[in-house]
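As structure tokens, the structure follows; a few thoughts come after it.
The values are calculated or read from the model by the stated rules, or taken from the named source; none is laboratory data. Bear in mind the structure is a predicted one, so any value in this text is a computation, not a measurement. Here the Cβ positions follow ideal geometry from the backbone for every residue, glycine too, while neighbour counts run over all protein chains shown. The protein model used for the area step is the full one, side chains on, heavy atoms only, and it has no ligands, DNA or RNA in it. Shrake-Rupley method; radii C 1.70, N 1.55, O 1.52, S 1.80 Å.
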Amino acid sequence: MGYAQLVIGPAGSGKSTYCSSLYQHCEASRRTMHVVNLDPAAENFDYPVAMDIRELISLDDVMEELGLGPNGGLMYCMEQLEENLDDWFAEELDNYLDDDYLVFDCPGQIELYSHAPVLRNFVEHLKRKNFNVCAVYLLDSQFMTDVTKFISGCMASLSAMVHLELPHVNILSKMDLVTNKKDLEEFLDPEPPFLLSELNQRMAPQFAKLNKALIELVNDYSMVTFIPLDLRKESSIHYVLAQIDNCIQYGEDADVKVKDFDPPEEDE
């Protein structure tokens, strides 16, 4: 049984920074994890790259050879990854043991998580390879300034949740950059009546029924809970990782490794 995080979210939400901090945290706690780059446009990394989609295809090459723009080129790259799941990716995945922990650093194009089939098929491939997978959706905390933006973020996250059909953890990233954290507290675990009241105050009266339907939808899918992540605090990273580990049942069926309990050598 392998374990995997699929780190997704809008561009600029801090996905690569999250992966880097998570790797450093695990390294400090002597826990093994591997970070995989699935962004064909990425250039610099603050973590060792275990697998890199750019070894298969890069965005620069696609844009130059096919004359595509950044978004069209990236979608082409991801489609090439999908076509090579049983070839290039399968060979790369064979280098890792059954109980390895992989973190996939994904691109920020929202259509990959909302309706394009690429990542869904990628997830199905991981499941066939006996991986437990969890989607980790990052949303910039500085985006959450009022209830309308909060609901917008919830809808985007819910779209990814329904499309990918995975256990889902929502994270408010960049909490270390928020100057007034009290402004965010009401959105971390808000009550539906509070959200509905705030939404009705900001929207025209004719949207009252729509507002009620949106809040009920968010509440029915338990989408009103976001975990704040402050990368300056090891306790914050540890808490987020514990929530994700619980989702993918990390370590629950781990085999006892005899080498961890080798008896001490006797003195001659």
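Heavy-atom accessible surface of segment 1-65, averaged per residue, reaches 46 Å², computed with a 1.4 Å probe. In the context of the full set of protein chains, residues of segment 133-195 present 41 Å² of accessible surface per residue (probe radius 1.4 Å, heavy atoms only). Calculated on the alpha-carbon coordinates, the convex hull of the chain measures out at 167 cubic angstrom per residue. With the cut-off at 30 Å, tell me which of the pairs K127/K209; K129/K174; K15/K127; K149/K233; K182/K212 have Cα atoms farther apart than that. Those over the limit are K127/K209; K129/K174. Taking all protein chains together and a 1.4 Å probe, the residues Y137, Y250, Y23 rank Y250, Y23, Y137 from largest to smallest accessible area.
For segment 144-158, putting each phi into the Karplus relation 6.51 cos²θ - 1.76 cosθ + 1.60 with θ = phi - 60° gives couplings of 8, 9, 8, 5, 5, 5, 4, 5, 4, x, 5, 5, 5, 5, 5 Hz, in residue order, rounded to whole numbers and with x for Gly and Pro. Amide H contacts under 5 Å for I227: N170, I171, L172, restricted to partners 5 or more places along the chain or on a different chain, H placed in the peptide plane at 1.01 Å from N. For segment 11-52, the residues whose amide N sits under 18 Å from a probe point set 7 Å from the Cα of L177 along the beta carbon direction are 11-22, 43-46.
Rounded to a whole number of µm²/s, how large is the Stokes-Einstein D of segment 72-226 at 20 °C and 1.002 mPa s, given Rh as the Kirkwood radius over C-alpha pairs? Stokes-Einstein gives a translational diffusion coefficient of 121 µm²/s. If you fit an axis through the alpha-carbon atoms of helix 15-28 and take the longest principal axis of the Cα set of the chain, what angle between them do you get, 0 to 90°, nearest 10? Orientation of helix 15-28: about 40 degrees from the principal axis. In this structure the amide hydrogen of G2, modeled in the peptide plane, comes within under 5 Å of the amide hydrogens of F131, N132, none closer than 5 places in sequence on its chain. Solvent-accessible area of E83, all protein chains in place: 130 Å² (probe radius 1.4 Å, heavy atoms, ligands and nucleic acids excluded). Ligands, DNA and RNA excluded, the heavy atoms of E65 present near 150 Å² of accessible surface to a 1.4 Å solvent probe. In the complete set of protein chains, residue-level accessible area for Y47 is approximately 10 Å², probe 1.4 angstrom. Ordered by 1.4 Å accessible area with all protein chains kept, I171, I57, I110 run largest first as I110, I57, I171. Charge tally for P193 (other residues, Cβ to Cβ under 13 Å; Lys, Arg +1; Asp, Glu -1): -3.
The amide H of V103, built 1.01 Å from its N in the peptide plane, has Q5, H34, V35, V36 as neighbours under 5 Å, considering only residues 5 or more places off or on other chains. For the chain, carbon and sulfur atoms together expose 47% of the accessible surface, with a 1.4 angstrom probe and every protein chain in place. The accessible-area ordering, largest first, of the residues C247, C77 stands as C247, C77, per a 1.4 angstrom probe.
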